[in-house]
1. Is it true that some residue in segment 201-221 is assigned by TED's automatic domain parsing to the domain that holds residue 346, farther than 16 Å from residue 374 by Cβ and touching a residue at least 60 places away in the same chain (Cβ under 8 Å)?
2. Looking for whichever is surrounded by fewer than 16 Cβ atoms within 10 Å (Cβ to Cβ) and either closer than 24 Å to residue 208 by Cβ or touching a residue at least 24 places away in the same chain (Cβ under 8 Å) (or both) here; the options are 31, 45. Which one fits?
3. Which of the helices (runs of 4 or more DSSP H) contained wholly in segment 1-80 include at least 2 residues that are farther than 21 Å from residue 160 by Cα?
4. Residues that are under 13 Å from residue 181 (Cβ atoms) and assigned by TED's automatic domain parsing to the domain that holds residue 38: find the strands (runs of 3 or more DSSP E) completely inside segment 109-158 holding 2 or more of those.
5. With the structure loaded, tell me whether residue 254 is in a helix (DSSP H, G or I) and farther than 20 Å from residue 308 by Cα or whether it fails that test.
6. Within segment 265-278, track down each residue that is over 30 Å from the mean Cα position of the chain (by Cα) and free of Cβ contacts under 8 Å to residues at least 60 places away in the same chain.
7. Which residues, counting only those in segment 119-134, are within 13 Å of the chain's Cα centre (by Cα) and surrounded by fewer than 24 Cβ atoms within 10 Å (Cβ to Cβ)?
8. Sort through 248, 262 and tell me the only one that's touching a residue at least 60 places away in the same chain (Cβ under 8 Å) and either more than 30 Å from residue 17 (Cα to Cα) or under 20 Å from the mean Cα position of the chain (by Cα) (or both).
């Protein structure tokens, strides 16, 4: 497509989404849930078709020598599709937030003042690699009464195309307004440029992908942006930690799925417990194929650890690689996290309540974990059904974002001829 054709296509899709958003305002929770239920059934019935189209993307990615990390994010299998379907069904079970009364205030004037939840309107989602985002974003936006515009990455074009087709056709049969889910069906990145300037039609833009993509969108968008930030996550093993628990949690945080943003990148270990934890933990890391780099003290405990550089403390690996630093105190651990962390997910392993409480209070992150893996920072784990992303911002949402984060508020004022003197 030529640039002018792309511009017109994007504009028409945004206008259709805006029109659909107005119709969604009057739809009941039951009507929206019926749409989602039809989508879940359709995904189940078309699993083979989804896998077929995803394999086209995966093979193209391999032929283009795309990294194994990106291929892992791109790949769908029966379990991942079933997880998608389960997410849809979990979102159906969530209470509809629209119309919920958040506050009710009294006034010296004879009026009733309520603040209620309402949809944002039209949400544009720009994302890379992971096809499941197509479904997660669509169902969360619809449940919250929003229309959604989806722009996935070129590497997943076939997967996103078939997923969108399936859920749109199923939703339409169940009464979904035309235009509620819009898919930008071109890999051309100029479509992103067009989206960024449609602030009269789009109410919120959510980028979800690499740091470069997010930075570009935040710098060029006329639309308010809610960022899915990078995850340079830490786990601090305190001197009062349970050794077996520390090893188990730290292994899970790095190895359960290293290609995602809530995987641990840097392990901090108190000097008093380092010689009890690191030999066994590094043995497990080596067996899992993890490349380990660390400070001089950690190298003195495990001689297979390679020397870490300043760059390692700043790097989100998203791979089977980790940096390890031995620290002398909780204060030093918090100082390191403050200097190098991305305010995403941070964990402490300790039996000391005072240490845990200080970590919770002093570590500035979207989620802090005590005796638990950072991999747990996920919308489905937190009871949100699924997530549209994890925000490391502080306005208007932070952490795993579900349906409530896709709403705004409205004051509803009822009187009986009330005026202001």
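The values are calculated or read from the model by the stated rules, or taken from the named source; none is laboratory data. Small disclaimer: the values here were computed from a predicted structure and weren't measured. Please note: Cβ atoms are built from the backbone with ideal geometry, for glycine as well, and neighbour counts cover all protein chains shown.
1. Looking for residues that are assigned by TED's automatic domain parsing to the domain that holds residue 346, farther than 16 Å from residue 374 by Cβ and touching a residue at least 60 places away in the same chain (Cβ under 8 Å), one finds none in segment 201-221, hence no.
2. 31
3. Of the helices (runs of 4 or more DSSP H) lying wholly inside segment 1-80, those with at least 2 residues that are farther than 21 Å from residue 160 by Cα span 3-24, 29-45.
4. Counting at least 2 such residues, we get 122-127, 147-151.
5. Judged against the criteria, residue 254 is not a match.
6. 271, 272, 273, 274, 275, 276, 277, 278, listed by residue number.
7. 128, 132
8. Result: 262 is the single residue among 248, 262 that is touching a residue at least 60 places away in the same chain (Cβ under 8 Å) and either more than 30 Å from residue 17 (Cα to Cα) or under 20 Å from the mean Cα position of the chain (by Cα) (or both).
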